[in-house]
Each structure stands twice: as C-alpha cells, then as structure tokens.
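Report on the structure given below.
Read the figures in this text as sums done on the coordinates, not as results from a lab. Just so we're clear, the structure is a prediction, and the values are computed from it rather than from any experiment. For neighbour counting, all protein chains shown are included, and Cβ atoms are generated from backbone atoms with ideal geometry for every residue, glycine included.
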Amino acid sequence: MDALGNGLLRSAVRGEADTSQAVSGHFCYGLPMKTRTKRRISNMLRNAGLWGYARALTAKIRGDERQWINGGCHSPPPHGVKMKIVKAHLKKFGIANFVETGTYLGDTLESIAKTGAKCLSIELDTKLYRFAHKRFSGWKNVELMQGNSGDLMHEVVRSLNEPTLFWLDGHYSGGITAQGHKDTPISEELSAILGHHVKGHVILIDDARCFNGMGDYPRLDQLIKQLNQHSHYCCEVSCDMVRITPIL
C-alpha cells in the first residue's frame, strides 16, 4: 500500500478523513451530517481501492476492544481504550496541554494532538526521536524533545503555568525502546511534577503492572502511599494505569 493509501486508510478508520470535497458525485445532502460523512469516507476508500483494508482494520480494532471487555477487562487494555481514557481526563478537567514521556512510534502523540491539545513529547532514543520529528513535521501543536525525561522534566514543568495532563510511559520495555541509567525514570518525573507550583495537573502512569518492586520500579503499594501524601491529589489504579488527579 502506498503512502497516500496508508494516510487515507488511517484517517478514515479513525473518522478523521477530510470530507470537505464531494467524492465521485455522491453528495448525499439529504441525509444527516454524520451519515453523509460516513458515506463520503466510504466512497473515498472504495475509489482508492482501500475499502477491504479499512473494513479489516476497523474490525480488528473493534474486535480487540470487544475481546477485552468480554474477557473481564483484565490488564492491559487495548491501546484504543487507553486513548479514550486519556481524552476523557482532558475533557473532564478542562485541560489543553499534554506532556508525554516515551514518544516511541508516535501513535499516542498523534491521537492526542488531533484533539487540538498543545503537545510535548520526550523520547530518549535518537532514532525514534528522528522518526517522530519527521512524522510530526508541520504539526503546529506538537513539540518534541530528545533526552532522558527524568532529567528534562524539571525544565518542562518550569515552562508550564496552567494544568497539564502528563502521560508517563518513558520506561525501558525491550525491543527498540531506549534504556537509560534506570529502567524507569518515574521517581524523577513525579518529583518534578508534584513539586510544581501548579496543583491542578493530571498524571497518568501507564503499565501499572510493572510496579512490582523489581529493578528501578517501586512496589505499587509504596508508590500509592507516597502519592497520597500530597493533599492536592488523589490516586487510584485501574485499566493498568496509575491515575493521579486533582481533588476538585
């Protein structure tokens, strides 16, 4: 599949294809906007020869979420579920800024950037950083930093003057992910964020199952006890995330 096909497919499956132009004479103006949009996207995919690919990919995404729900919602949830949770927290707390540690391939960053939030993502690995830099070239609401998030987080929070949602996922997890002097910089990241003068931040820590007291990870109960000492925040664990939210 060529680059144009990939772009159309990804946009259409996520319901974000540009439907401002009529496609192949199918105008559908007598139908509700949502129906017209779906039909236009369908026509775009058919004309590009991508309809079969789109149906298969959509079925897989929905199938993963359905399987997770039917299986009792055991951790970890599919990526799509995690993104819905992140977006729900942005909306609930009225937050317009997003900081991510661990850019990786940029899928999380793209999902959140498309909401219009002002995004900053930190990646330790130079190759992944260069990949992300190319992927997000031209995105006005995306900023990238290369380096250790444990070291850079103090610099990041000093630049913030309003509540921000932090998605902390910058740990080493094998494969092409980078390994710093620690497997996870979570202690340094949290110290910088929780010590900031703004107390309305939302902090979501991915992969809560990793907090088992081994390597550089604290035990989950120790982490929660530490977090609960901050009177401005409350802490809970669900869907393989540690969620630290301001007390309203």
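Structure values in brief
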read-out	value
Separation in nanometres of the label points that stand 7 Å from Cα toward Cβ, at S238 and K225	2.5 nm
In sequence order, calculated HN-Hα J values of segment 204-217 (Karplus, 6.51, -1.76, 1.60; Hz; x Gly/Pro)	10, 9, 7, 6, 4, 5, 6, 7, 10, x, 9, x, 9, 8
Burial ranking of peptide ranges 213-222, 144-153 (average Cβ count within 10 Å, highest at the top)	144-153, 213-222
Cleavage-rule hits (trypsin sites (Lys or Arg not before Pro)) in segment 84-184: DSSP loop, at most 10 neighbouring Cβ within 10 angstrom	K140
Electrostatic dipole magnitude of segment 109-160 [Cβ: Lys, Arg +1; Asp, Glu -1; Cα centre; debye, to 20]	280 debye
Table column - 3J(HN,Hα) (Hz), segment 88-102, Karplus curve with 6.51, -1.76, 1.60, x for Gly and Pro	5, 6, 4, 5, 4, 9, x, 9, 10, 10, 9, 10, 10, 10, x
Magnitude of the charge dipole, segment 79-246, Cβ model with Lys/Arg +1 and Asp/Glu -1, debye to 20	580 debye
Cross-link table K87/K134; K82/K199; K91/K140; K114/K182, entries beyond 27 Å C-alpha to C-alpha	K114/K182
Principal axes of segment 148-248: Cα extent on each, largest first, Å	38, 28, 20
Integer Hz, Karplus 6.51/-1.76/1.60 couplings in order for segment 166-175, x for Gly and Pro	9, 10, 9, 9, x, 9, 6, 9, x, x
Long-range amide H partners of F166 with built H, under 5 Å	V99, V202, I203, L204
Global form of segment 87-167, assessed from the alpha-carbon gyration tensor, a/c cut-off 1.5	oblate
Pairs of alpha carbons in segment 79-246 whose separation is greater than 27 Å (percent)	17 percent
